[in-house]
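Since the structure comes first, as structure tokens, the remarks are kept for the end.
The values are calculated or read from the model by the stated rules, or taken from the named source; none is laboratory data. Note that the structure is a prediction, hence the values are computed from the model and not measured. FYI the Cβ positions are ideal-geometry reconstructions off the backbone, even for glycines, and counts take in every protein chain you see.
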2 protein chains.
Amino acid sequence: MILDKVTSPADLKKIPADKLPELAQEIRTALINKTSSFGGHLGSNLGVVELTIALHYVFDSPKDKIVFDVSHQCYVHKILTGRKAAYLDEKLYRSVTGYTNPKESIHDQFNVGHTSTSISLACGLAKGRNICNRKEKIIAVIGDAALDGGEAFEALNSAVEICGGLIVVVNDNDMSIPENHGALCAHLAELRKNEGKCANNFFKVLGFDYYFVKDGHNIGDLIETFNKVKDITCPVVVHCVTKKGKGYSFAENNPEKWHWAHPFDIGTGEFHKSTSVPKENYGSIVGQYLMQKIKNDPTVVAMTASVPAYIGFNVQRRKEAVSQYVDVGIAEANGVTMAAAIAKSGGKPVFVTGSSFYQRAYDQIEQEMCINRCAATMLVAFSGINGHDSDAHAGLYDIALLGNIPGLIYLAPSNKQEYLAMLDWSIEQNESPVAIRIPWNGVYYTDKPVPQEYSKTKYMVRKSGAQVAILGLGSFYQLAEQVAELINKELHIEPTLIDPMFITGVDKQLLEDLKHDHKLIVTLEDGIVSGGFGARISQFYGIDDMKVINCGFHTEVPTQFTVEEMMEKNGLMPEQILQRVKDVLSVDEASEEKK
Amino acid sequence: MILDKVTSPADLKKIPADKLPELAQEIRTALINKTSSFGGHLGSNLGVVELTIALHYVFDSPKDKIVFDVSHQCYVHKILTGRKAAYLDEKLYRSVTGYTNPKESIHDQFNVGHTSTSISLACGLAKGRNICNRKEKIIAVIGDAALDGGEAFEALNSAVEICGGLIVVVNDNDMSIPENHGALCAHLAELRKNEGKCANNFFKVLGFDYYFVKDGHNIGDLIETFNKVKDITCPVVVHCVTKKGKGYSFAENNPEKWHWAHPFDIGTGEFHKSTSVPKENYGSIVGQYLMQKIKNDPTVVAMTASVPAYIGFNVQRRKEAVSQYVDVGIAEANGVTMAAAIAKSGGKPVFVTGSSFYQRAYDQIEQEMCINRCAATMLVAFSGINGHDSDAHAGLYDIALLGNIPGLIYLAPSNKQEYLAMLDWSIEQNESPVAIRIPWNGVYYTDKPVPQEYSKTKYMVRKSGAQVAILGLGSFYQLAEQVAELINKELHIEPTLIDPMFITGVDKQLLEDLKHDHKLIVTLEDGIVSGGFGARISQFYGIDDMKVINCGFHTEVPTQFTVEEMMEKNGLMPEQILQRVKDVLSVDEASEEKK
């Protein structure tokens, strides 16, 4: 194998150019092999095999710095920069993360995971280079869909004035996670059609030099172009046309399915059943529900920032919904603001994106949505410790982030019946912006009645007890059940078990009532403790004798983790919580005896 | 006066077109008169007198909906929509806010105050119109500088696909708050030079129809153009060239000074001394300090998102700093990300924007800055209750927003010596991202030594006492002093007085020590109580006997307010806090006696 000889970019440069296509083939095989048993972002990586080889052939990493946008397409880069074993040797599959990671290699500039930041980062690196009087090249690699995010534009707009030499490689595969949306995507299509020659050119408008590579899988062309732009001292865009999934026919033909591949059979292209999404999941449940709503009411609009799967909007549903489905591109701020205005204008918008992506729309939620009391619905996917296993996508911040915004009702259902009741109430009400945290720990059910109205913060007591009350929020309600059972068994106390359902506000009446026959409150939340749900309960009892234990996450989130690791490290295993309860109760008893 | 006859847009339509310039003159006089004694956004409003008249002459508000970006330029709109008395009658000056406000008038669509949202909002209104099967026109009015904000681009990118008919009026006065920056501003200059005729056209790239009005003060031309575009069914941009400050020579000649005018003498154009910024303020202090740093160290970079005044970077300092001053435009996400990368690349960036504008960069702070531990400095201006008197700019959220981000050190100095020591330490250290909350309650001093190092959360005890400890954070430290004095006087207790200095983290050792001889902690913070600094203190003492009172803001922020009103409503007057302390202590004594 040629790949045997490549353990660094320096080695790569020794390979004769005419052997590089063979190397590309070897890398492609490695990518398909690893993801077939391990899962991963297959489509985007197959699309940048040649591009990445050419970059490392021409530029001199780590002196020259390559910043990958989102960096889900960095597998080839990792293979070429000393980490090929993680793609060739099954035992080492876990030795690298799925994103760039400076702790892994000096060839990785940043730990990233969100879209549209690479050009800003590259501008900053270039500015830093200039003031420190160095000369390295700075390259940002960004997909066409990531250009929809406003920050990419902000950086393109800044570059000419601030950065000097800067190379932006646009990896144009004409795809987002689902199909592409927006005017820029149409403009790129025009550029592709005319092989880069349009009078009107987005990048030139913003002061960039512009180069076009019509076949982004032709290594020779790529190398030639990169050599041309390598030494220029102004910002330049190299627009490369690539194919998502290139070289694996199943992925080429259905790039949405193969954006993130579950482990699969290479021959048939079928995802292994055991590892793919379970049949009963909130995507499909809500997809069905929303389609019904859409058919019955022309003012209901399902909206997303390129993640329709979270509400089960597969290709067929998107087609059926026609103009009642809106994908704003990976542009969360625009999505939230537009949803606010649709609500104001008489529509019933339901917007969905992931927990960590709402971070990009805090301002719009606080200002456009809440100050203006626009009665839109926001669904928060990917939330809690089960949401994602990397720090750059962790779903642990949304409770603290959104839960303290005045005027927002933020709900945390703990089962299917609550989720659907909340969603239906939210869509039909006209008073308040509402966010609903989709439980990401699986689909649970209740046979008890659930409220049909959620305008006032009112917790639900699922089991009345004494001494200890456990408030298990949303996806941690099931944990609360386990803890209650354990306390009962070990301490012979029947704790009160509460499903708070509301992240925002506090149920003052209930908390007051608990004072009568409880001395300890345990709050459980699937998010950071600092600034979270439990903090409000602690504040409420600030001058009372009630003891309060807030359970949640308090350690820093590692780059990669498993759910169990994190639960244990944060003292969230039922036995660990039991121990904390025991400690408080025994101290308490001791001090009672003393008196 | 012609204006006498105009109490609604319907009245306006009855004025013969040739009389409109006279009306414009009357409005201009009203604007200058009111702001000369009341203060306000004079420059931008003088610039849109004719534009606003023409809009209301052609369109049919409130059926047709006009969305003003930021809406600081809505004074003329208010005058024409039934609120002229608020600009003509001194007694009624306070009867309107400085921004659009649906509670004031059905002609105002949204309560806004942040930049770059109008096109998203207009897209949403247009989408709502379409699904509700109505036919009204939707118009967004946006300044050239606001186009730098990524959300404006996101919305322009979405419009063609999602909105149908939509009119975006670009009010191009070639100014931001200071001078304009970025490639788009150069492109607009090109369009102005060529009277709208460039082969390359940013708006056409994004699928918009494009019209150019070379004299945005010619009402006839404006009316003619608006009539042309009024019924078209696709998105269209009307690019109008206007002059900020038009018609008042002082404002025309120095548009930065007159962006927001303090009360002034109309004849001389001098701001009245008593009402303008005091000589000793943190702008000038930090400006001087930073210029010195810049001269001594080529890697220090002062950065802003178009608000250089917060660090005292007047025209002269900006010029002197040359490439060590960076203005990214009103594009906070880009600013924060670029600062992160500059730090990574060996530079020492100091970025500044307002408290409520950091809301637009939470994601970038959490991800690019903190996960990557980029040792940049962020200064948070406009913070606390003194920061701004409107809900859409309130500086009350940043403690809860930034204070819970893992990996960030967020500092709250309470006096000049602390502020400068923190800033200097932050610039020179290389370990951690740091934010510093500029105290907005005036410049205070201490003659005690202040720490020179802030890597670990360590509160400062300024006065040791017993029973009650008061933690007065940042700009509320002076309030804590008052409360301490009052407690001493009234209750004959000498409270411990603490200057926490750190918003993030807790000083566990100190809080533990307080348990020995204190039974009540009072936290004071100049921000919302929910998710804030005090919440962490309450959490810390969750299972202890210590009582904790968290003082801060808990009511919704009104559209307009005075500091006193808000302090009183939130129980933050020293006497009110004293009363809360008394209540706890007496309850406590009563229960002690009972035992």
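Here are some notes:
- Failed item, numbered, when residue B:185 is tested on (1) within 11 Å of chain A (Cβ to nearest Cβ); (2) touching a strand residue (DSSP E or B) at 6+ places or on another chain (Cβ under 6 Å): (2)
- Test: residue in the stretch B:510-520 that is crowded, with 22+ Cβ neighbours inside 10 Å and within 11 Å of another protein chain (Cβ to nearest Cβ): yes
- Some residue of the stretch A:354-371 being over 23 Å from residue A:327 (Cα atoms) and of a type outside the set (Phe, Trp, Tyr): yes
- Selected residue [of a type in the set (A, V, I, L, M, F, W, C) and in contact (Cβ under 8 Å) with a residue 60 or more places away in the chain] from A:549, A:537: A:537
- Test: residue B:241 is away from chain A (no Cβ under 14 Å), closer than 22 Å to residue A:157 by Cβ and either touching a Phe, Trp or Tyr at 6+ places or on another chain (Cβ under 7 Å) or at pLDDT 95 or above (or both): yes
- Checking each residue of the stretch B:273-280 against the condition of being more than 10 Å from chain A (Cβ to nearest Cβ), β-branched (Val, Ile, Thr), more than 30 Å from residue A:333 (Cα to Cα) and out of contact with any helix residue (DSSP H, G or I) (no Cβ under 8 Å at 6 or more places or on another chain) gives at least one match.
- Of all residues in the stretch B:539-582 being among the small types (Gly, Ala, Ser) and within 32 Å of the chain's Cα centre (by Cα), the one that is nearest to residue B:384 (Cα to Cα): B:552
- Residue in the stretch A:5-15 that is of a type in the set (Ser, Thr, Tyr), in a helix (DSSP H, G or I) and surrounded by fewer than 17 Cβ atoms within 10 Å (Cβ to Cβ) present: no
- Here residue B:71 fulfils each of the conditions (1) touching a Gly at 6+ places or on another chain (Cβ under 9 Å); (2) at negative phi apart from (2).
- Checking each residue in the stretch B:435-475 for being assigned to a strand (DSSP E or B) and under 19 Å from residue B:524 (Cα atoms) picks out B:436, B:437, B:460, B:461, B:462, B:463, B:467, B:468, B:469, B:470, B:471, B:472.
For every residue, the table says whether it meets (1) in contact (Cβ under 8 Å) with a residue 40 or more places away in the chain; (2) among the aliphatic types (A, V, I, L, M).
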residue: A:66; (1), (2): yes, yes
residue: A:82; (1), (2): yes, no
residue: A:89; (1), (2): no, no
residue: A:114; (1), (2): yes, no
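- Verdict on residue A:577 being of a type in the set (A, V, I, L, M) and within 8 Å of chain B (Cβ to nearest Cβ): no
- Of all the residues in the stretch A:558-591, those that are among the basic types (Lys, Arg) and within 21 Å of residue A:485 (Cβ to Cβ) number 2.
- Hey, residue B:502 within 22 Å of residue B:462 (Cβ to Cβ) and either surrounded by fewer than 24 Cβ atoms within 10 Å (Cβ to Cβ) or small (Gly, Ala, Ser) (or both) or not: yes
- Restricting the stretch A:79-115 to residues that are in a loop (DSSP other than H, G, I, E, B) and more than 25 Å from residue B:367 (Cα to Cα) leaves a set whose member that is nearest to the other protein chains (Cβ to nearest Cβ) is A:84.
Quick grid of which residues meet (1) among the acidic types (Asp, Glu); (2) within 27 Å of the chain's Cα centre (by Cα); (3) buried (at least 24 other Cβ atoms within 10 Å of the Cβ); (4) not assigned by TED's automatic domain parsing to the domain that holds residue B:27:
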| residue | (1), (2), (3), (4) |
| --- | --- |
| B:57 | no, no, no, no |
| B:60 | yes, no, no, no |
| B:70 | no, yes, yes, no |
| B:74 | no, yes, yes, no |
| B:78 | no, yes, yes, no |
| B:81 | no, yes, yes, no |
| B:89 | yes, no, no, no |
| B:94 | no, yes, no, no |
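- Boolean, residue A:566 is more than 9 Å from chain B (Cβ to nearest Cβ) and either in contact with a Pro (Cβ under 9 Å, 6 or more places away or on another chain) or aromatic (Phe, Trp, Tyr) (or both): yes
- Residue A:369 meets all of the listed conditions (1) in a helix (DSSP H, G or I); (2) over 27 Å from residue A:450 (Cβ atoms); (3) within 11 Å of chain B (Cβ to nearest Cβ) but one, namely (2).
- Scan of the stretch A:384-425 for residues that are away from chain B (no Cβ under 14 Å), in a helix (DSSP H, G or I), of a type outside the set (A, V, I, L, M) and surrounded by fewer than 24 Cβ atoms within 10 Å (Cβ to Cβ), ordered by number: A:416, A:417, A:424, A:425
- Flag for residue A:234 being assigned by TED's automatic domain parsing to the domain that holds residue A:61, farther than 22 Å from residue A:27 by Cβ and surrounded by fewer than 18 Cβ atoms within 10 Å (Cβ to Cβ): yes
- For the stretch A:301-334, filtering for residues that are closer than 21 Å to residue A:364 by Cα, of a type in the set (A, V, I, L, M, F, W, C) and within 14 Å of chain B (Cβ to nearest Cβ) leaves 9.
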